[in-house]
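Here is the structure we will look at, set down as structure tokens.
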Amino acid sequence: MAATTPPKVVFEHEGVFIHSSPDESEDQDLISGFLRIIDKDGETLVEYKPLEDADPSNMLCACKDSSSVVEWTQSSEDNPHRPIDHQLSYETEWDMINAVSFRRKVHAHGDGGSNHTNDRNKWAFSFNVCDLRSVTVKCEGWSYIMFRLKDGTALPAIHFHQGGSTAFLDSLRKSVQINESPDDESVLIVSTYSKTFSQSFENLLDDTNYGFVQVCHCHAGNCSSNHIKMFVFHTIVSLSEQKFKKDPYTTTLGGFSKVTNYLFDAFRAPELECQQRPSEEVADLLGELIPGLEINQQEEPGFEVITRLDLGPRPEVQRRGPVTMEEWAKYQDSEGRITNVPHLKDFIFKGGLCHAVRKEAWKFLLGYFPWNSTHEERKNLQKRKTDEYFRMKLQWKSVSEEQERRNSRLRDYRSLIEKDVNRTDRNNKFYEGLDNPGLILLHDILMTYCMYDFDLGYVQGMSDLLSPILFVMENEVDAFWCFVSFMDEMHENFEEQMQGMKTQLIQLSTLLRLLDLAFWNYLEAQDSGYLYFCFRWLLIRFKRELHFQDVLRLWEVMWTRLPCQNFHLLVCCAILDSEKQKIMDRKYGFNEILKHINELSMKLDIEEILSKSEAICMQIKNCKDLPHSVSEILGLSTVTEPSAALETSEYGILESPQTSPTSTHRRDHIVSNGHSHLKETTHNGCKVAFIS
């Protein structure tokens with residue numbers, strides 16, 4: 001059976017030693033190990049491992065913001081029947097392809113973890129060459145090397161008692177530029193910029209240490225600011241076009257928001273020597289970077305004219321604390337059925353869940369477990385779903401390398417998954433470090449999803465949606481089926497035509513026009529009326545805008561489907577409502593708006609956003625003569641299909657399955673007559689014109 005593709009070993013040398021003591025005492029230990037340079041998905045890593053610790057079978061992983069300490073257990077030929085948690089005992093028959101499982105420790109917060117750590121393991125290290133600042137090379141009968149990283153970390157000296165230092169440095173030079181320090185010839189200064197220009201568009205934009213000016217070779221090194229700006233623009237256009245043709249989703253997700261840090265900083269340089277690039281040309285570029293998002297502007301006859309609406313005051317709302325384990329238990333009967341579901345959903349919407357409840361509650365919120373199922377029914381369901389999952393996993397696990405060479409789609413899916421998995425939430429303890437078992441689970445679940453939905457396969461951004469679910473579930477099978485349910489909702493976002501993204505941007509524009517026509521008119525005047533800057537928010541539901549724990553809170557609140565459908569669009573409105581005054585007061589143009597929105601990442605207050613989003617929903621619901629299109633977007637219509645499953649919440653809102661309009665068009669027609677402006681939108685064949 002085909003295993004996960006290993007990293008490419010560029011250099012490897014055994015017989016490399018670390019001296020346990022820096023002095024020359026005779027009783028010091030010599031730690032023998034091997035030194036490697038490996039290429040992993042375009043990233044070059046240097047690693048040192050003591051020989052005894054080359055293949056550890058266990059590692060401890062303390063989940064952030066969680067009381068649990070999980071032991072990762074990897075199966076091996078020497079230990080095919082590893083002990084596993086009793087809850088997962090039905091997976092034993094699938095051990096041959098179940099690479100990683102979890103085993104909860106009896107101790108908490110990491111206590112007792114030292115019993116599972118080899119004393120020599122502390123000498124192992126690994127780093128990315130991009131993080132390397134300098135290499136010091138000295139000789140005392142043999143050569144030894146010391147690494148210093150950019151953050152000031154000095155790693156233990158490695159001694160080449162059996163030679164090999166020259167070959168190592170020669171291999172390292174293939175990945176980075178090394179120059180002798182003018183102050184000390186034994187110190188080699190490392191720089192990585194020379195390699196950056198040859199990277200893909202996404203990697204180029206991800207490298208925050210890279211400067212565009214360095215690659216602009218003008219006569220005698222003199223480059224005008226405008227020349228720099230034009231060079232930057234054409235470089236990005238050229239690279240993005242090449243990348244877009246090969247992988248439009250990577251270009252869109254990886255480059256769209258980050259491009260502002262470079263492109264628009266250059267455009268805003270104060271020492272402009274000639275007129276800067278027109279914003280409409282930049283708008284055209286960004287429109288091209290997003291596949292399928294050409295909004296249909298064809299005119300259609302007939303629309304209803306609605307004067308500017310008075311929404312009334314925005315009500316104050318109060319949130320509560322998260323649902324505790326004790327509260328959750330009160331909603332279960334003796335056989336495990338969840339009772340009074342609407343009331344429980346209200347509580348979850350108002351405060352979210354404590355972390356201990358999430359593993360069970362998310363299965364209900366995502367539809368993996370039916371709310372009215374018993375303990376026994378859920379146990380049987382998990383057994384069936386486990387068998388189904390591993391059968392699908394076996395399909396791609398059993399594909400030989402020769403078969404895969406003849407299956408370009410599977411090969412491309414695997415390549416994309418391996419690349420994205422190694423970049424997903426690596427600052428989270430659950431996924432950090434080299435060859436983290438959590439990454440193996442991410443990889444395996446995504447590969448299995450390709451077997452589940454081969455037409456869609458894998459698209460960049462899906463790893464972002466899976467990561468929090470796996471973090472909470474701590475189980476491969478449960479995480480997969482919860483992810484399947486989430487993808488059922490998000491599927492249209494990742495389809496080639498991106499109809500889901502197009503629809504959501506139009507719907508968001510309609511809502512923003514209703515809430516604040518003056519602000520929307522300002523954005524429209526800056527060629528920002530289509531709200532392309534919200535693209536990443538919608539694509540992966542704010543996954544890269546919020547801190548990890550805030551993402552968990554936001555998602556579980558949205559999964560209640562309260563207080564209306566498409567609540568995530570109101571979350572967008574709430575964020576824009578908080579930023580609108582700054583955008584208009586500072587007279588931001590198209591470029592500045594993009595850059596400002598991009599820089600909000602990791603600066604948002606989730607509780608403030610949720611409170612304002614709920615208040616906006618109540619404000620809209622209380623509005624008389626609400627446009628039909630808005631009612632359709634938020635599911636506030638009083639007329640529903642008889643077959644729709646309805647539940648009544650404390651808000652008096654009928655919940656129905658989230659659906660996207662099958663036909664959504666937008667056309668803008670501006671009639672200047674004093675201060676009057678006519679804006680028209682089309683939803684489900686019903687056109688609405690706002691007049692201000």
- Message: Show me, for region 414-428, the HN-Hα J-couplings you get by feeding each phi into the Karplus relation (A = 6.51, B = -1.76, C = 1.60, θ = phi - 60°), rounded to Hz, glycine and proline as x.
- Response: 4, 4, 5, 5, 4, 5, 6, 4, 6, 10, 8, 6, 6, 8, 8
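On a 1.4 Å probe surface of the protein chains, which of E545, E14, E360 comes out largest in accessible area, and what is the full order? Write down the numbers at each step before the final one.
Values: E545 5, E14 110, E360 60 Å².
Highest to lowest solvent-accessible surface, that is E14, E360, E545.
What shape does region 510-627 have by the C-alpha gyration tensor, where a ≥ b ≥ c are the square roots of the eigenvalues, rounded means a/c under 1.5, and otherwise prolate means a/b greater than b/c and oblate the rest? Don't skip to the answer; put the middle values down first.
Details: a/c = 1.95, a/b = 1.14, b/c = 1.71.
Judged from the Cα gyration tensor, region 510-627 comes out oblate (a/c at least 1.5, b/c at or above a/b).
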- Query: With contacts defined as alpha carbon pairs under 8 Å and 6 or more residues apart, what's the relative contact order of region 477-530 in percent?
  - Reply: 20 percent
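Computing the accessible area with a 1.4 Å probe over protein heavy atoms, can you report the carbon and sulfur percentage for region 456-615?
Working: 1670 of 3800 Å².
The C+S portion of the solvent-accessible surface of region 456-615 is 44 percent.
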- Item | Accessible surface of D455 - all protein chains present, 1.4 Å probe, nearest 10 Å² | 130 Å²
- Message: I need the phi-derived Karplus couplings for region 613-625: 6.51 cos²θ - 1.76 cosθ + 1.60, θ = phi - 60°, integer Hz, Gly and Pro marked x.
- Response: 4, 5, 5, 4, 4, 5, 4, 5, 4, 7, 6, 7, 6
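What is the extension gain from E599 to E180, computed as 0.36 nm multiplied by their sequence separation minus the C-alpha to C-alpha distance, in nm to one decimal?
147.1 nm
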- Counting only residues 5 or more places away or on other chains, whose amide H sits under 5 Å from the amide H of L546 once H atoms are built in the peptide plane? M602
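In terms of solvent-accessible area of protein heavy atoms at a 1.4 angstrom probe, what is the ranking of K621, K612, highest value first? Before the final figure, lay out the partial values.
Numbers: K621 85, K612 50 Å².
Descending accessible area places them as K621, K612.
If R₀ is 35 angstrom, what is the calculated FRET efficiency for the pair L394 and R314, using the beta carbon separation as r and rounding to 0.05?
Working: r = 54 Å, r/R0 = 1.55.
The formula returns an efficiency of 0.05 here.
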- Message: Take the residue pairs K150/K429; K419/K582; K502/K587; K49/K429; K385/K502; K363/K580 and return only those whose Cα atoms are more than 29 Å apart.
- Response: K419/K582; K385/K502; K363/K580
- Nearest-0.05 FRET efficiency for D39 and S578 at R0 = 30 Å, using Cβ-Cβ distance, is 0.10
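If R553, R406, R337 are ordered by their accessible area, calculated over protein heavy atoms with a 1.4 Å probe, which sequence runs from highest to lowest? Mind dumping the intermediate values first?
Numbers: R553 40, R406 175, R337 80 Å².
Sorted descending by solvent-accessible area, the residues read R406, R337, R553.
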- Task: Quick one: accessible surface of H628, probe radius 1.4 Å, all protein chains present, in square angstrom to the nearest 10.
- Result: 80 Å²
- Query: For region 557-564, in order, what is each residue's ³J(HN,Hα) by Karplus, 6.51 cos²θ - 1.76 cosθ + 1.60 with θ = phi - 60°, in whole Hz (x at glycine and Pro)?
  - Reply: 5, 5, 5, 6, 6, 10, x, 7
- Expected field for H568, accessible surface area in Å² at 1.4 Å probe radius, rounded to 10, holds 10 Å²
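Want the number for C623 to Q549: 0.36 nm per residue separation, take away the alpha-carbon distance, what's left?
That works out to 23.2 nm of additional length.
Solvent-accessible area per residue for region 371-485 at a 1.4 Å probe radius, Å²?
Numbers: 4120 Å² over 115 residues.
Value returned for region 371-485: 36 Å² of accessible area per residue.
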- Note on the structure: Long-range amide H partners of V10, meaning residues 5 or more apart or on another chain whose placed amide H is closer than 5 Å, are I37, I38, D39
- Item | Protein accessible area in region 326-421, 1.4 Å probe - carbon and sulfur % | 47 percent
- Query: Solvent-accessible area per residue for region 504-575 at a 1.4 Å probe radius, Å²?
  - Reply: 16 Å²
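The values are calculated or read from the model by the stated rules, or taken from the named source; none is laboratory data. Quick caveat, the model's predicted, so the values are computed rather than measured. Ideal geometry is used to build each Cβ from the backbone, glycine not excepted, and the neighbour counts take in all protein chains shown. Heads up: the accessible areas ignore ligands, DNA and RNA and are worked out on the full protein's heavy atoms, side chains in. Shrake-Rupley method; radii C 1.70, N 1.55, O 1.52, S 1.80 Å.
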